[in-house]
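The values are calculated or read from the model by the stated rules, or taken from the named source; none is laboratory data. These numbers were taken from a predicted model, which means no experiment stands behind them. No Cβ is skipped: glycine too gets one built from the backbone with ideal geometry, and neighbour counts run over all protein chains shown.
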Amino acid sequence: MDYKKTLEELILNVIRESGSDLHLGAGRTPALRVAGELIFLAKHPVLTNEDIFGMLGEILEKNKIEKFKENQEADFSYDFRGEARLRGNAFFQKGLVNAVFRLVSKVQTISELRLPPILADIARKKQGFFLVVGPVGQGKSTTLSAMINVINSEQTRHIITIEDPIEHVYAANKSIINQREVGIDTKDFHTALKEVFREDVNVIMVGEMRTPETIATAVTAAETGHLVLSTLHTNNASQTIDRIIDSFPGDQQDQIRAQLASSLLGVFSQRLIPRIAGGLVPAYELLLNNNAVANLLREKRTHEIDVVVETGSESGMVDLNHSLLELVRAGEISIENAYQYSLNPKGLERMI
């Protein structure tokens, strides 16, 4: 098998089908994820361990292959002919090697992604902490890239991204952009984040909040004159805030509540919903910090945040059910999918 040619043909399949992911596993045929569904390439030969190691060997250096064998998992990125970029993960299951490649879309604008214009206003802020949240594969990194694009095209700022691995690659426009990859350019997220205080940075994008130390340093950076953008794998704003607070020991939780109350800009939760006409369309929830939200944070009443979002449309907030309902009324998504993706189906039913 010509491993390079085979891998390139499979990636081209993903691009042609407007897919999002390529799944390779020893003992089965390759599969593509298109509009949320897995499609197996039944006519393709069943892959072996040797095949997948061969394809990985075309994109990873020998020492990284050896490190993968030792650690039994690896994250990486791959630039495909300068035409597309992919984020990859390799792992073992039952002794067989697997690899998943996610197609990273080119940096798009907020309007192209059909996201609310208020995200551009948030990107123009000089300081604060803003989170884009949602399950895996719901476009969080793509949304952050659109916000970085706003800054890069409009302002002269120093932007540092800390990622594992680097996904979207930016061409500097009005800003200086330095992208640091964990494991290559820095030891870990926390170490890189601590160092930004000495690097005359304005905007910090952290690929993922993984530890309390990283969260604490990010919030401190937001308090000290930096705009900090990041992601979490949570479902909505109230769950996100609870997750952050609960990650700290009890004696530190009042402090982090106070810090969030003063530094949080907002939380944007998104889902990619299958469109009736094909493809995916975003539905979202947006919490914006204001005096009412800040008071709820300080007073340990985060369970009331959902109500604030539902009733805060005049302040620019967006409730997920309202977002889903608008898509249904526009003929973009089915009512069945609206119920499936709603976090409060009974509330959605009352609105309909």
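Results for (1) farther than 18 Å from Gly183 by Cβ; (2) in a helix (DSSP H, G or I); (3) in contact with a Pro (Cβ under 8 Å, 6 or more places away or on another chain), shown as yes or no for each residue.
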| position | (1), (2), (3) |
| --- | --- |
| Asn63 | no, yes, no |
| Ala90 | no, no, no |
| Val97 | yes, no, no |
| Gln108 | yes, no, no |
| Arg114 | yes, no, yes |
Within the stretch 277-291, the residues that are modelled with pLDDT of 95 or more and either hydrophobic (A, V, I, L, M, F, W, C) or under 18 Å from the mean Cα position of the chain (by Cα) (or both) are Val281, Pro282, Ala283, Tyr284, Glu285, Leu286, Leu287, Leu288
Output the number of residues of the stretch 303-338 satisfying the condition of being in contact with an Asp or Glu (Cβ under 6 Å, 6 or more places away or on another chain) and either among the aromatic types (Phe, Trp, Tyr) or surrounded by fewer than 21 Cβ atoms within 10 Å (Cβ to Cβ) (or both). 1
Is it fair to say Leu260 is surrounded by 17 or more Cβ atoms within 10 Å (Cβ to Cβ), within 27 Å of Lys126 (Cβ to Cβ), in contact (Cβ under 8 Å) with a residue 60 or more places away in the chain and touching a Lys or Arg at 6+ places or on another chain (Cβ under 7 Å)? no
Looking at Leu144, Leu131, can you tell me which residue is assigned to a helix (DSSP H, G or I), in the same structural domain as Ser238 (by TED's automatic domain parsing) and buried (at least 23 other Cβ atoms within 10 Å of the Cβ)? Leu144
Being in contact with a Lys or Arg (Cβ under 8 Å, 6 or more places away or on another chain) and assigned to a loop (DSSP other than H, G, I, E, B) is the filter; apply it to the stretch 36-53 and report the residue that is surrounded by the most Cβ atoms within 10 Å (Cβ to Cβ). Leu47
Filtered residues of the stretch 11-27 (kept if surrounded by 15 or more Cβ atoms within 10 Å (Cβ to Cβ), of a type outside the set (Asp, Glu) and not in a helix (DSSP H, G or I)): Gly19, Ser20, Leu22, His23, Leu24, Gly25, Ala26
Quick one: would you say Glu8 is among the acidic types (Asp, Glu), exposed (fewer than 12 other Cβ atoms within 10 Å of the Cβ) and under 23 Å from Val169 (Cα atoms)? no
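Going by the conditions given, is Glu195 of a type outside the set (A, V, I, L, M, F, W, C), touching a residue at least 12 places away in the same chain (Cβ under 8 Å) and surrounded by fewer than 21 Cβ atoms within 10 Å (Cβ to Cβ)? Please lay out each step first, then the result.
Working: of a type outside the set (A, V, I, L, M, F, W, C): yes; touching a residue at least 12 places away in the same chain (Cβ under 8 Å): no; surrounded by fewer than 21 Cβ atoms within 10 Å (Cβ to Cβ): yes.
Spelling it out, it is not the case that Glu195 is of a type outside the set (A, V, I, L, M, F, W, C), touching a residue at least 12 places away in the same chain (Cβ under 8 Å) and surrounded by fewer than 21 Cβ atoms within 10 Å (Cβ to Cβ).
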